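The values are calculated or read from the model by the stated rules, or taken from the named source; none is laboratory data. Bear in mind that the values here come from a model prediction, so they are computed numbers and not experimental data. Glycine gets a Cβ as well: all are built from the backbone with ideal geometry, and neighbour counts include every protein chain shown.
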Amino acid sequence: MSGSDGASIAPPAEPAGPAFRRRRELGAASARSLLLTVLGEFVLPREREVWTATFLTALALLGVEEKAVRQALARSAAEGWLASERQGRRTSWRLTPSGQRLLTDGTKRIYSFGQPMRDWEGQWLLVLGSVPETNRRLRHLLRTRLSWNGLGNLSPGVWVSPRPERERDVRDVLREIGVADSSTVFVGRLGDIDEARKVAGQAWHLDEIELAYEDFLDAVRALRPRDDAATFAAHTRLVQEWRRFPFLDPGLPPELLPAGWSGARAFDLFHERHAAWRDAAARYWLDLTRYE
């Protein structure tokens, strides 16, 4: 079929593999989320403009329809991450400086995430902060930003993390969203190890995180790409699914985790498959862009 950019849009050569299951979660990855993964993995390192048709072909391998891809591109541009340039009937896209920063920060977080925390000294970072019930947008922003920084919600207005080194980042977050003056941040101990495990169990849904890791392990092991196109799809799915764990998993020290924590096995499998698939996936992307 053909898009309005005038280039041919090829259907996927073979299915990308089984969809990643998400227990207790709704729906599959959105077109916009998959687009961000492609931007971070393949566009950011090469700093080249990319035609719409290239995105259409690449995301078709992941089951994303043309209309959804175009909407994802438009949304990303509206949010300042992409800029477009019209050339006749075709449109090219490039990352803006803010888009480059967003993806660079995200990439660093994704690939540094999962390393076991060593030599925990029992210190906790605590944040006491309240936002009026009526300001739902600010409450959501505070929860999202603190969760991304690995903090758990122990009780209303109380956030904790066993990583006191994140204090500066947390203070920056509070200042950026305008709640620094109404918040208190400090570092301290929370009783013995039994008390610490109790706090961890209350602040994070460790059983649900464990289920998410088990789903990830099952789905990645089921992927068996047979050519470069299928490897591109498998590689993108791999990174796409791993991207959510820095938000779900606070990276607790081993002392606070259940025995046999599956996050360690997921970390090893992610890096093993990423290394195995990276070159073929990059080769497929280069083939797509070679004829632009």
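With a requirement of 2 or more residues that are surrounded by fewer than 18 Cβ atoms within 10 Å (Cβ to Cβ), the helices (runs of 4 or more DSSP H) lying completely within region 218-292 that satisfy it span 245-248, 263-290.
Only one of G152, G80 is closer than 17 Å to L256 by Cβ and at pLDDT 90 or above. Can you tell me which?
Numbers: G80 fails: closer than 17 Å to L256 by Cβ.
Result of the check over G152, G80: G152.
Quickly run through region 55-69 and pick out the residues that are touching a residue at least 60 places away in the same chain (Cβ under 8 Å) and over 26 Å from R109 (Cβ atoms). So that I can check it myself, show each step before the final result.
Kept after step one, since they are touching a residue at least 60 places away in the same chain (Cβ under 8 Å), are these residues of region 55-69: 57-58, 61-62, 66.
Listed by number, the residues that qualify are T57, E66.
Scanning region 178-191 for residues that are over 10 Å from W124 (Cβ atoms), surrounded by fewer than 16 Cβ atoms within 10 Å (Cβ to Cβ) and in contact (Cβ under 8 Å) with a residue 24 or more places away in the chain yields G178, S182, T184. So for region 242-263 (the condition being charged (D, E, K, R), under 25 Å from Q123 (Cα atoms) and either in contact (Cβ under 8 Å) with a residue 12 or more places away in the chain or not assigned by TED's automatic domain parsing to the domain that holds D287 (or both)), does at least one residue qualify? For region 242-263, residues charged (D, E, K, R), under 25 Å from Q123 (Cα atoms) and either in contact (Cβ under 8 Å) with a residue 12 or more places away in the chain or not assigned by TED's automatic domain parsing to the domain that holds D287 (or both): present. So, S147, is that one surrounded by 15 or more Cβ atoms within 10 Å (Cβ to Cβ), in the same structural domain as D287 (by TED's automatic domain parsing), touching a residue at least 24 places away in the same chain (Cβ under 8 Å) and farther than 18 Å from V239 by Cα or not? Judged against the criteria, S147 is not a match. For region 121-144, the condition holds for no residue, the condition being that it is within 28 Å of Q240 (Cα to Cα), without any contact (Cβ under 8 Å) to a residue 40 or more places away in the chain and in a loop (DSSP other than H, G, I, E, B). Look at region 193-207: where a residue is within 18 Å of L126 (Cβ to Cβ) and a partner is in a loop (DSSP other than H, G, I, E, B) and of a type outside the set (A, V, I, L, M), sitting 6+ places away or on another chain with Cβ atoms under 7 Å, you get A196/G122; W204/P250. All of S76, S98, S84, S92 fail the test of being part of a helix (DSSP H, G or I), within 19 Å of T289 (Cβ to Cβ), in the same structural domain as R243 (by TED's automatic domain parsing) and of a type in the set (S, T, N, Q), apart from S76. Taking the criterion of being among the hydrophobic types (A, V, I, L, M, F, W, C), more than 26 Å from L154 (Cβ to Cβ) and touching a Gly at 6+ places or on another chain (Cβ under 8 Å), would at least one residue in region 279-289 satisfy it? The answer is no, given that none of the residues of region 279-289 is among the hydrophobic types (A, V, I, L, M, F, W, C), more than 26 Å from L154 (Cβ to Cβ) and touching a Gly at 6+ places or on another chain (Cβ under 8 Å). Within region 145-164, the set of residues being assigned to a helix (DSSP H, G or I) and under 22 Å from the mean Cα position of the chain (by Cα) comprises R145, L146, S147, W148.
Screening T107 against (1) modelled with pLDDT of 95 or more; (2) polar (S, T, N, Q); (3) closer than 30 Å to G251 by Cβ leaves a single unmet condition, (1).
Every residue in region 163-177 that is of a type in the set (K, R) and without any contact (Cβ under 8 Å) to a residue 60 or more places away in the chain, please. Spell out how you get there, then give the answer.
Quick first cut of region 163-177, residues of a type in the set (K, R) only: 163, 166, 168, 171, 175.
Matches in region 163-177: R166, R168, R171, R175.
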